[in-house]
Structure formats: C-alpha cells, structure tokens
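The values are calculated or read from the model by the stated rules, or taken from the named source; none is laboratory data. Keep in mind the model is a prediction, meaning the values are calculated, not measured. Here the Cβ positions follow ideal geometry from the backbone for every residue, glycine too, while neighbour counts run over all protein chains shown. Quick note on the areas: whole protein, heavy atoms, side chains included, nothing else; ligands and nucleic acids left out. Shrake-Rupley method; radii C 1.70, N 1.55, O 1.52, S 1.80 Å.
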Amino acid sequence: MKVLVATQKPFAAVAVKGIKDILGAAGHEVSVFEKYAAQEDLVAAVADAEGIIIRSDKVTAEVIAAAPKLKIVVRAGAGFDNVDLAAASARGIVVMNTPGQNSNAVAELAVAMMIFMARTQFTPATGSEIAGKTLGIQAFGNVGRLVGAKAKALGMKVKAIDPFLKPEQITDGGAEPAGSLEELYATSDYLSIHIPATPQTIGSIGYELISSMPKGATLVNTARKEVIDEAGLEKALEERPDLKYITDVAPDNYEALREKFGLRVFATPKKMGAQTSEANINAGLAAARQITDFFATGNTRFQVNK
Ligand code: 3PG
C-alpha cells in the first residue's frame, strides 16, 4: 500500500526513520511530504495515497476528494479536529488518532508555562512560586492527569473537572474534583485547559469564566486556540490587570494583546507542545503500527469516526 507521511511540521528524523522501517518491513511504500507551503500542495500530494499519517495537517473534504484510493488516515497525536470526519466516513475511510502517545510532552510544556509566567517570562522582575498555589485542570484525560501529577510533585494543590468522569475517578487520578467549571475557574490560581475543540467547546472559555479567576491568576492553554472566546479574553485582561494568559496556540489577536498587555500574555511562535523527539517517536511509530495492523488484519482500534 502507498502511505504518505504528510507533516507540515515535521517529525524528528529518528521518528521518520522508525515510521519508514515499520511500514517498509510490512511491504508498504512510504513517501514523506514535509514542510509543505500551502494546503493546495497537500491536496496535490495525496492522489495515490492509500494511507496517510498526519499531525495537525488539515485533511479537509477537498483533500479526501483528491485521494480516491484512501482507506485510512492516522492522526499521530490526540486532537482530530483537523480531519473532516463526515467526509471521511462518507467514503468509508477509517480515521484514527494515537491517544496518549504525545501527552507527556504537552504536560511538561503546561508545567513549564506556569513557571515561565510565575517568573515573569524569565525577566528579572520579581516573580512568584507555584508551590502552594491551586491548579485547576479542565479535562482530566491523558494530558490533564499528567499535568496534575507533575504539579502535585511541585507542591501545588490540584483540582480538576471532566464531563466524562465521575468525581471518584478524579480523586483516583490524584486530584480533588471541582463541583462545577465555574467553581474551578473561581478558585484556581493557575487553570490549565485540556479540552478538545468541538462544536460544544469552541468559544466556550470567555469573559465570565476568565474574569472570575482569583487575583493574580494565570490561564494556560496547551489545547486549542478555538476554545477561547478571544474578545472575552481581551475584555477580561483589560478589566483585570492582574490576570495573565499563556498559550501554545497563538490567538488571532495576539499582536494586539501583546501590545496592550506586555508580559501578561505569551504565545509560542508555533504549536510546540508535542514537539519533542520522544513524543514524535511515540506518536509517529504508533501511527505506523496502527496503519500496518489495519492493512494486515482490519484492526480499527483507535478509530474515531465509528
Ligand atoms: C495533539 O492534538 O496531539 C497535539 O495538539 C499535537 O499536535 P501536533 O502533532 O501538530 O504537534
């Protein structure tokens, strides 16, 4: 089978080699299509592909229509909001993710971001310590749990909420269950977001929640920029000169925010949460194994468009 590794943001070379080895050993033909400049290049590159491995690359209805032989798309990572699931399902194309494989990298970045903001973006201005502060975790999945464990080890008090978990499951995961999302925001010195971008969550974190945070609080977003209502964020930052926002996904209004709020806001230049060689190897090789297994046995474990 012809498998395309389409990654605008490339995997580490060691991961690419591992992917090629796994797919090659199973008799598949691998082409690597990295750092492409435009979406139309991806559309043009998929003509022969029977399987595709992607990261945050956009597999739109147009990409799917341009790939008549396509049978499987594996998103090497967690979030699959970049894949048009309806268009894939309409063609019987299986879409999978590789849950958990890059979670530690994202969790480490969330912790690093808290410290970076607590220490005034590594400027000499007097900062604060995260020990003794309360961290609220919005969604206690693979990443949220790891963030919680690391934060506890650093002396933070950890609270969490997750619409898919019972309070006792949150307790079992080492955090204190919050009674409501409103309570979590209102009581967290640091709030780390780990929800996916879905029709229900897009724009769901806005003025009300952000402005309810305690004095000096920091909102940390290593999830998706779309979950933030950017106008609401801006209004909250305007009204509350003590609040801070750090994100791994630059908001559309980042330049304006940075100009207005200086060191109280920060966005990474490119999404980097999962950009470690370990995460690239874990997620990339898992994707290659999942494709190999699918073609060999029809295994659809991790399918997200069932
Ligand atoms: C994910 O959903 O797995 C993360 O956002 C990582 O995305 P990336 O593979 O584009 O870095």
Strands (runs of 3 or more DSSP E) lying entirely in region 132-197 (those with 2 or more residues that are polar (S, T, N, Q)) = 134-138
How many of the residues making up region 263-290 are open to solvent by 30 Å² or more (accessible area, probe 1.4 Å) and either small (Gly, Ala, Ser) or not in a helix (DSSP H, G or I) (or both)?
-> 8
Name the one entry in Ala160, Ala125, Ala88 that is over 20 Å from the mean Cα position of the chain (by Cα), open to solvent by less than 20 Å² (accessible area, probe 1.4 Å) and away from the ligand (no atom under 15 Å from the Cβ).
-> Ala88
Evaluate region 231-238: report whether one residue or more is within 16 Å of the ligand (Cβ to nearest atom) and crowded, with 16+ Cβ neighbours inside 10 Å.
-> no
Got a sec? Which of Tyr207, Tyr254, Tyr245, Tyr190 is more than 16 Å from the ligand (Cβ to nearest atom) and either open to solvent by 40 Å² or more (accessible area, probe 1.4 Å) or acidic (Asp, Glu) (or both)?
-> Tyr207
Inspect all residues belonging to region 136-157 and state whether any of them is over 28 Å from Thr7 (Cβ atoms), among the polar types (S, T, N, Q) and within 16 Å of the ligand (Cβ to nearest atom).
-> yes
Residue hits (region 64-83; more than 16 Å from the ligand (Cβ to nearest atom) and either among the aliphatic types (A, V, I, L, M) or closer than 27 Å to Thr222 by Cα (or both)) are Ile64, Ala65, Ala66, Ala67, Leu70, Ile72
All positions within region 12-59 that are hydroxyl-bearing (Ser, Thr, Tyr) and within 16 Å of the ligand (Cβ to nearest atom) | Tyr36, Ser56
Select, from Ala267, Ala296, the only residue that is farther than 17 Å from Ala76 by Cβ, touching a residue at least 60 places away in the same chain (Cβ under 8 Å) and among the aliphatic types (A, V, I, L, M).
-> Ala296
For Ile22, state whether it is touching a Lys or Arg at 6+ places or on another chain (Cβ under 8 Å), open to solvent by 30 Å² or more (accessible area, probe 1.4 Å) and not in a loop (DSSP other than H, G, I, E, B).
-> yes
